[in-house]
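Structure record follows, encoded as structure tokens.
What follows is calculated from the coordinates using simple rules that are stated; it is not laboratory data. Predicted model only: the values in this text are computed from it and were never measured. Counting neighbours? That spans all protein chains shown, and the Cβs are built from the backbone with ideal geometry, glycine included.
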Amino acid sequence: MQYHCFVLAVYTLVICILTTQSHTIPHKPSHIWNASGKPSVSSKTAALEEFCFMKEPVTYTGAIGEFEPLIRAFSPAENILRENVKRITIIAAEAKLLGTDIIAFSEYALPGLGIFLGDRSHFDSLSVPVPDPADGVAPCDKETGSAEYSPLKELSCAARQLEMYMVVGVAETSDCEDVPPPDCPADGVIYYNTMVVFNRSGTVVAMYRKQHPFLEPGVEIGHQNDSAALFISDFGVTFSMHNCFDILFAHPSYANVKKNLSRDVIFSTAWGNQSPFAFAPNIQSSWSRSLSTNMLAANYHLPEAGHVGSGIYRGFSEEQKIAYTFDAKSGDVLIVSPITTCAPPDLQQYTPNVLLTEATVIKYHNNHAAIRTTSVSQQDLSQFNEVALPPTQPEETNNVHVCYATLCCRLKYQRTEGDNLVYKLITYSGMIRNGDQLMYYEYCGIVTCYTDNWKTCVMFPETVGEVNTHEYDNLGSNNFENTAEFGPYTLEGTFSCNSTYPVAMTREFEILPNAEFYFNQGSDVSVLRVDKPVPKLMTSHIFGRIFYADGK
């Protein structure tokens, strides 16, 4: 009862704030980009039509919360968990006022990344057991003693009180049932990086254990089937989940989408941004566009460690907008948006009450946001083949190409004078080490550099130097005074992989909207075309993964 009162109090407080200070919520924020163009990819459109055959259109309201969990290394574990549950609940309550049916938070949203700052006992103190979804348990119904604190119970009660689906990243503690000796520790306890789903009644309806941990000492690989990443909502939509590094692999969500089991994906992450190819919005939007999916992508907010960038993406939808954030100085962020998809009519037990007609982004500007800095690591481009892209004369078009093994990259482009930057067409096909794994990538794309040295590509002017990691005082246009335009252009690559992913981003960290974007993936050639000049182009590329070649 005490916790129910807390949730009601938070809900009431948020109502009062929104009623008396409605100007704090930008219903038409300038940092949301429209997508008014028609779907450009015939193969992707056909795939979506196949998925929606014998289904009916459904519009629901989705939300993501990018927030900064408490991570103080020497704080008592209970204090950390209580504070993070409180913040999750406040953001969820505000989302509910905007009609949200489902909200997603980042990986490790409950314990915070400070869970890795201590020993095994510290990790254990911030971990929680998760009920098997097959048991239909609502932790909110669990009786606990007055001195016993259960964060999972509080989250369950919050989902019930707010009558919304909540997806939260936790550190899960479990026994060694699925881990035989000698891999089982002496204490018989193992840990997973787990996404937990509560339905509107607070019942745990799904739990997905990350299959591809990324430099997470002490965390076991989740050995569930891809089906464990699926759950069906009461409005009939089947969601697939994947967790951070999983997005670059075939399982689970890539496989679930390819099998036509889902077109709505939840991506919880603590993504560390890397230039020039792996900025969070680029990875998120390109996956959504390539596979024609709706994606709710919730990143962890810790810009000093490179964690920033979340959004709600809708493939190449002609009707709905891209809504995302990439802002070190935003503080916590809530994005809420209507999302249209399709679902079997016999699974639709609930009709969502959609209050919004377009996406809303709320930036809280808390946690000393005004003085935050962001760290971005840099990818090693020394093995890439490259060719320079000089300016063109008015109305003139240049044609260039560069190959790496069987991958040939061709570019037809126009480029105006007006800056002293170096533009390059680069390509690569082969192994790249990510964390402790060797992964096979293919890249074909344009990058912006400050000199001929690859170490200056997609870097900020004040940080050009012999460094692998650099900190930015600001993520935004103040660092880029050059206004020259690049384009129109057509980029083609002869890829060997099954799926390729298109990216186009400016130096103001804006993703090109769907209306200005054409992408087609054929059996042997992928094409990315932009028909208008792009001011301040940072990078535009196509990349792919050859899963079966990893580690070979």
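At 7 Å along the Cα-to-beta-carbon direction for both Ile221 and Glu395, put a label point, then send me their distance in nm to one decimal.
About 6.0 nm separates the two model spin labels.
Would you kindly derive the ³J(HN,Hα) couplings of region 151-166 from the backbone phi angles with the Karplus curve 6.51 cos²θ - 1.76 cosθ + 1.60 (θ = phi - 60°), listing them in order in whole Hz, with x for Gly and Pro?
x, 5, 5, 5, 5, 4, 5, 5, 4, 5, 5, 8, 6, 8, 6, 10
In region 251-291, which trypsin sites (Lys or Arg not before Pro) fall in coil by DSSP and have 15 or fewer other Cβ atoms within 10 Å? Intermediate values should be presented prior to the final figure.
Details: sites: Lys258, Lys259, Arg263, Arg289; in loops: Lys259, Arg263.
Passing both the DSSP loop test and the Cβ count: Lys259.
Want the number for Leu117 to Ala370: 0.36 nm per residue separation, take away the alpha-carbon distance, what's left? It would help to have the intermediate numbers written out before the result.
On the way: separation 253, 0.36 × 253 = 91.08 nm, distance 2.60 nm.
Length gained between Leu117 and Ala370: 88.5 nm.
Quick check: from the Cα gyration tensor, does region 184-267 come out rounded (a/c under 1.5), prolate or oblate?
Values: a/c = 2.56, a/b = 1.43, b/c = 1.79.
Because a/c hits 1.5 or more and a/b fails to exceed b/c, region 184-267 counts as oblate.
Percent relative contact order of region 47-365, based on C-alpha pairs within less than 8 angstrom and at least six residues apart? Mind dumping the intermediate values first?
Values: 760 pairs, mean separation 70.2, N = 319.
After rounding, I find 22 percent.
If you find the alpha carbon centre of region 47-88 and of region 90-135, how far apart are they in angstrom?
Computed from Cα coordinates, the inter-centre distance equals 8 Å.
Report the label-to-label distance for His251 and Lys532 in nanometres (one decimal), using points 7 Å from each Cα along the Cα→Cβ vector.
4.4
Quick one: length gained pulling Tyr149 to Leu355 fully straight, 0.36 nm per residue minus the C-alpha distance? Let's see the in-between values first.
Numbers: separation 206, 0.36 × 206 = 74.16 nm, distance 3.55 nm.
Once the chain is fully extended between Tyr149 and Leu355, it gains 70.6 nm.
What is the spin-label model distance, in nm, from Ile432 to Ser377 if the labels are put 7 Å beyond Cα along the C-beta direction?
The two pseudo-label positions are separated by 1.2 nm.
If you average the alpha carbon positions of region 337-370 and of region 525-541, how far apart do those two centres end up, in angstrom?
30
Would you work out if region 47-365 is rounded, prolate or oblate? Take a ≥ b ≥ c from the square roots of the eigenvalues of the alpha-carbon gyration tensor; rounded if a/c is under 1.5, else prolate when a/b is larger than b/c, oblate otherwise. Show your work: numbers first, answer last.
Working: a/c = 1.39, a/b = 1.35, b/c = 1.03.
Judged from the Cα gyration tensor, region 47-365 comes out rounded (a/c under 1.5).
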